[in-house]
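*Asks:* Below are the structure tokens for one structure; questions will follow.
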Amino acid sequence: MDLSEEKELVRQAQKAPDAFAKLYDQYYPKIFGYVLRRSANLEAAQDITSETFLKALRKLWQFQWRSVSFSSWLYKIATNEVNQYFRKAEYKKSVSLEELQEQGFEPISPHNPESELIEAQEKLKQHQDFMEIQEKIVQLPAKYQEVIALRFFEKKQIKEIAEILGKREGTIKSLLHRAIEKLREAE
Amino acid sequence: MKYEDFVKKLENLKAPEIELPGHKQALRMFLLNYGRFKQKTIMNWAKVLAPIAATVLLITFVGIFVDMPGRLYPGGNQIGKFSSYEQLQNFIKTNAGYKQFYWGFSGGDVRLFSGSAESNIPVPAAIDDSATDYSGTNIQVAGVDEADIVKTDGKYIYLVSGNKTIIVQADPPEQAQVLSEIELEGTVIGIFINGDRLVLFEQETPYYPYYDVRSESDEKIYMPYISPKTYIKVYDVSDRANPRLQREISTNGQYISSRMIGDYAYVVVNEPVYEQEDELNLPEISVGEEEKEIPAEDIWYSNVSDYYYMYTTIIAVNTQNDGQEPTYETILLGASSNLYVSTDNIYLTFPVWGTDVLGREVWDSQKTSIHRIHIDGQTMEYVASGEVPGMVLNQFSMDEYEDYFRVATTTHGQTTKNNVYVLNMALNITGSLEGLAPGETIYSARFMGERAYLVTFKQVDPLFVIDLSDPRHPEELGYLKVTGYSDYLHPYDENHIIGVGKETTDAGEFAWYQGVKISLFDVSDVSKPVLISDREIGDRGSESPVLHDHKAFLFDKARNLLVMPILEAKVDVTKYSEAELVWAYGEPVYQGAYLFDISIDNGLQLRGRITHIDDPSALEQGYYYYYSPFLIERSLYIDDVLYTISQAKIKMNNLENLDYINEVKLST
């Protein structure tokens with residue numbers, strides 16, 4: 001999907017919610033991936049992703065292309081949601097699988113959320129190096145977490161990070177520098 | 001580690017790329033159908049998405065298509081209860097062909113699952129229990145109250161406006177005021193008032209997918225089903241300013257209809273049978289905090305065939321005694337489409353669609369399946385099931401009289417035909433009159449003792465009079481052909497009948513509907529019914545809720561009074577040629593309650609009309625009429641005061657001269 005096509009889709013989706021589906025299909029993997037790499041928690045990642053897209057759908061009419069691209073706008077919502085997640089302990093609590101089951105949620109096989117989750121959990125564990133460093137990243141203040149994740153895991157350019165976080169490029173550069181220093185100290 | 005090396009490490013770190021396709025799909029469906037969800041600020045995502053995820057990936061579902069009657073029934077009886085869950089499961093699986101996935105998504109129609117229901121939203125029948133004289137809901141059977149959006153007990157008016165149920169002190173009109181409001185999250189479909197008890201039926205806004213969601217591969221994705229919930233809420237309103245919720249009973253499923261007989265409210269709810277991972281759902285009833293699954297052993301089955309199975313559950317609630325547990329009866333049937341209730345029996349009907357050898361639906365063999373549930377207070381028992389050819393129009397097509405059930409049907413096919421059947425209490429046909437008015441369709445029916453009146457229509461309106469004095473030999477006594485048709489028939493007295501419908505202009509093969517028409521027929525000479533008076537209001541495009549909902553109709557013979565809400569449209573004759581005038585739609589010019597004097601001697605005379613639309617400029621905006629909160633929906637009287645009710649206000653006028661007395665604004 002090129003930018004002009006995306007612009008057109010956003011315009012359509014602002015009027016007819018079903019056009020939102022294409023945008024969703026395009027961005028779900030990216031947003032879910034980003035959120036998961038930041039939270040390292042599959043259950044939380046599902047909720048935050050859900051919240052992100054719902055907010056996007058609800059606020060789509062407010063979205064204007066000239067300030068940021070749609071992609072950056074989505075990352076921005078997701079980033080806010082992740083930060084909120086880290087601030088609120090109960091966010092984490094409300095989505096545990098145990099609680100899900102207590103609520104009477106009985107996953108079914110083969111393609112059900114539980115087996116899907118178990119499989120995903122296994123995959124996540126295999127990324128030992130990542131998980132080790134991720135544990136340290138989450139100890140950092142949110143402003144550092146954001147830039148590290150966007151730069152190194154999402155492979156975003158400084159310009160794009162600036163757009164997502166709504167900060168100047170120079171600010172992003174210095175934030176990134178300090179973030180790397182802090183993380184290195186923690187190593 | 002050096003800074004540069006550390007950056008390199010970060011850059012080369014292999015970050016996880018993990019996907020959750022189940023979550024992706026479930027969320028996608030949720031978002032596309034978001035408008036249909038209840039809008040909550042805080043989502044419990046796990047709860048919201050879990051059922052979607054579970055259903056999305058389930059390909060076998062219900063599709064249930066029972067095309068061979070008599071194929072397998074436990075015990076071989078017509079009616080019985082299942083002996084176990086396994087038997088229920090077996091019954092469904094054996095009878096169901098899984099041929100078709102059948103969620104009838106019909107646009108934005110909320111009632112998805114059937115030709116469903118009595119869509120009528122139901123006000124009480126005139127009961128003179130005090131010094132005041134007031135009107136009740138226009139009901140079909142004396143002693144069997146029907147829930148409505150407005151009720152009165154002669155002193156207070158209880159009404160549903162938006163998601164609020166409002167209690168208004170109505171008498172004396174000069175002191176009329178809102179006393180209290182009950183605000184609920186769901187939609188209040190109807191209410192009953194019984195002494196100091198107010199009964200509300202709330203339908204939780206369900207999740208109804210309406211988009212045809214396709215995945216990228218264009219493979220059809222089946223929509224998830226989340227059962228809506230129906231709540232029965234009983235309030236103590238002894239203090240009208242402070243209604244107190246006394247009991248709450250809820251069940252999964254769609255509210256179909258309700259009645260109140262004496263202290264008991266009976267509620268009929270439908271829930272489709274569906275299967276997830278080899279498990280069938282069972283109906284659930286919650287009383288207060290206690291939730292109960294209705295065991296298979298309590299569920300009745302019958303010899304039915306339909307596209308899909310539904311649990312039809314009738315719940316009886318004592319509205320006065322909170323200590324008495326609600327009772328219920330569940331029957332595994334098709335989608336109930338109509339319901340008739342006498343003081344002793346509930347009759348449920350649903351269409352049986354015929355199929356040809358290829359399993360395709362055919363119109364010709366269409367039948368109606370009828371089920372009788374005997375009721376006596378809290379005791380209910382499913383006692384009989386039967387079948388008649390043809391299709392039932394609405395509750396007025398049915399009647400019970402001296403231990404016989406009578407029903408009028410239309411059989412579609414090459415040539416439509418109309419029929420009347422008389423059945424005994426075992427629901428076996430004892431007598432029939434078939435083939436009335438070939439090519440026409442029943443528009444309205446009314447049974448009055450030993451007679452039935454039928455209006456069939458194609459180009460003109462024949463009103464048939466049918467004698468039912470001999471249950472074995474129903475007989476056509478006579479008919480009258482006039483232009484127009486009636487959608488609703490109301491007895492004036494035993495020899496006169498009121499018809500409400502539309503005027504029509506014959507156009508050869510069909511007819512153009514014109515203004516709203518009210519007729520008064522004399523049927524004292526049964527062989528020659530006579531039209532004694534009629535009134536046409538407005539031109540083509542005029543409408544009245546009475547045409548679809550009898551509860552909007554107010555009639556009192558002793559007062560010579562007939563009141564009904566009408567939207568009057570007028571055609572600007574200068575805009576059209578003479579030929580065009582028959583089909584030209586009028587512009588709305590007035591909406592309000594039209595009051596008629598009605599008597600045998602003077603026929604129908606317009607006494608006056610009342611509107612809630614005070615701003616005349618609003619009249620020019622046609623759409624305003626269809627969505628305005630100022631549309632009068634109901635009217636009632638208490639002593640000599642006429643109360644007209646819209647979503648926005650209650651207006652009080654003198655019943656005789658229509659002088660304005662007062663009005664109460666309703667905060668909607």
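All of the numbers you see were taken from the coordinates with simple rules; none came from a lab. Since this is a predicted model, take the numbers as computed values, not measurements. Using ideal geometry, Cβ is built from the backbone for each residue, glycine included, and neighbour counts are taken over all protein chains shown.
*Asks:* Among A:51, B:402, what is the fewest-to-most ranking by other Cβ atoms within 10 Å?
*Replies:* Listed from fewest to most nearby Cβ atoms, that is B:402, A:51.
*Asks:* Still on this structure, please answer the following. Amide H of residue B:478: which non-local residues (sequence gap of 5 or more, or other chain) have their own amide H closer than 5 Å, using H built in the peptide plane?
*Replies:* Here the answer is B:465, since their amide H atoms fall under 5 Å of that of residue B:478.
*Asks:* Within region A:54-84, name every residue whose backbone N is under 11 Å away from a label modeled 7 Å from Cα of residue A:30 along the Cβ vector.
*Replies:* A:69-76
*Asks:* Arrange the following residues from fewest to most other Cβ atoms within 10 Å of their Cβ: B:300, B:583.
*Replies:* Going from least to most buried by this count: B:583, B:300.
*Asks:* Here are some pairs, A:22/B:24; A:55/A:76; B:367/B:551; B:164/B:233; which of them have Cα atoms lying more than 19 Å apart in this structure?
*Replies:* From the list (A:22/B:24; A:55/A:76; B:367/B:551; B:164/B:233), the Cα-Cα distance tops 19 Å for B:367/B:551.
*Asks:* Apply the Karplus curve 6.51 cos²θ - 1.76 cosθ + 1.60, θ = phi - 60°, to the phi angles in region B:135-150 and return the couplings in whole Hz, x for Gly and Pro.
*Replies:* Ordered by residue, 3J(HN,Hα) equals 9, x, 4, 6, 10, 8, 10, 4, x, 10, 6, 10, 4, 8, 8, 9 Hz.
*Asks:* Take the Cα pairs of region A:127-187, get the Kirkwood Rh, then feed it into Stokes-Einstein at 10 °C and 1.306 mPa s and tell me D in µm²/s.
*Replies:* Stokes-Einstein gives a translational diffusion coefficient of 136 µm²/s.
*Asks:* Which entries of B:502/B:528; A:30/A:125; B:151/B:292 have Cα-Cα distances beyond 27 Å here?
*Replies:* From the list (B:502/B:528; A:30/A:125; B:151/B:292), the Cα-Cα distance tops 27 Å for B:151/B:292.
*Asks:* While we're here: Just give me a number: lysine pairs in region A:127-187, eight or more positions apart or cross-chain, with C-alpha atoms less than 13 Å apart.
*Replies:* 7
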